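Here's the structure we're looking at; comments come further down.
The values are calculated or read from the model by the stated rules, or taken from the named source; none is laboratory data. Because the structure is predicted, anything quoted here is derived from the model rather than measured. Because the Cβ atoms are built from the backbone with ideal geometry, glycine has one as well, and the counts that use them run over all protein chains shown. Ligands, DNA and RNA are stripped out before the accessible areas are found, and what is left, the full protein with its side chains, is counted by its heavy atoms. Shrake-Rupley method; radii C 1.70, N 1.55, O 1.52, S 1.80 Å.
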Amino acid sequence: MPVDFSGTWNLTSNDNFEGYMVALGIDFATRKIAKMLKPQKVIKQDGDSFYIHTTSTFRDYLLQFKIGEEFEEDNKGLDNRKCK
């Protein structure tokens, strides 16, 4: 049985987050907004399936995926990256 990561997770610090976002090529305005946020993640794990709901004062975001299966994540409206 895999470890269950279900629960509510709160950001407590974001050391060097600005440098990380610069390295990703995130624009200036988005970096300034993101730096001020303290998002909360609610993770629901059902075996190998994950549902991660991120909430903040700026935006809510839902990510769903299954371990071992490739998926595409479109971060439109967040940092505008597409990831696999």
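Brief remarks follow.
- When the chain is reduced to its Cα atoms, the Kirkwood hydrodynamic radius in Å: 14.3 Å
- Listed peptides 68-74, 24-30, 51-57 appear in the order 51-57, 24-30, 68-74 once ranked by packing, highest mean of other Cβ atoms within 10 Å at the front.
- Taken about its Cα centre, the chain carries a charge dipole of about 380 debye when Lys and Arg each add +1 at the Cβ and Asp and Glu each add -1 at the Cβ.
- Stretching the chain fully between Phe71 and Thr8 yields a gain of 20.3 nm (0.36 nm per residue, less the alpha carbon separation).
- Listed residues Cys83, Phe71, Asn16: farthest to the positive end of the dipole of the chain (Cβ charges): Asn16
- Karplus (6.51, -1.76, 1.60) ³J(HN,Hα), θ = phi - 60°, over the range 63-74, in Hz, Gly and Pro reported as x: 10, 10, 7, 10, 4, x, 10, 5, 9, 9, 10, 9
- Potential lengthening between Tyr51 and Lys35 on full extension [0.36 nm per residue; Cα-Cα distance subtracted]: 3.3 nm
- Label-point separation, Lys44 to Glu18 (7 Å along Cα→Cβ), nm: 3.8 nm
- Solvent-accessible area of the chain (1.4 angstrom probe, protein heavy atoms only): carbon and sulfur portion equals 55 percent.
- Probe 1.4 Å - accessible area at Lys35, Å² to nearest ten: 90 Å²
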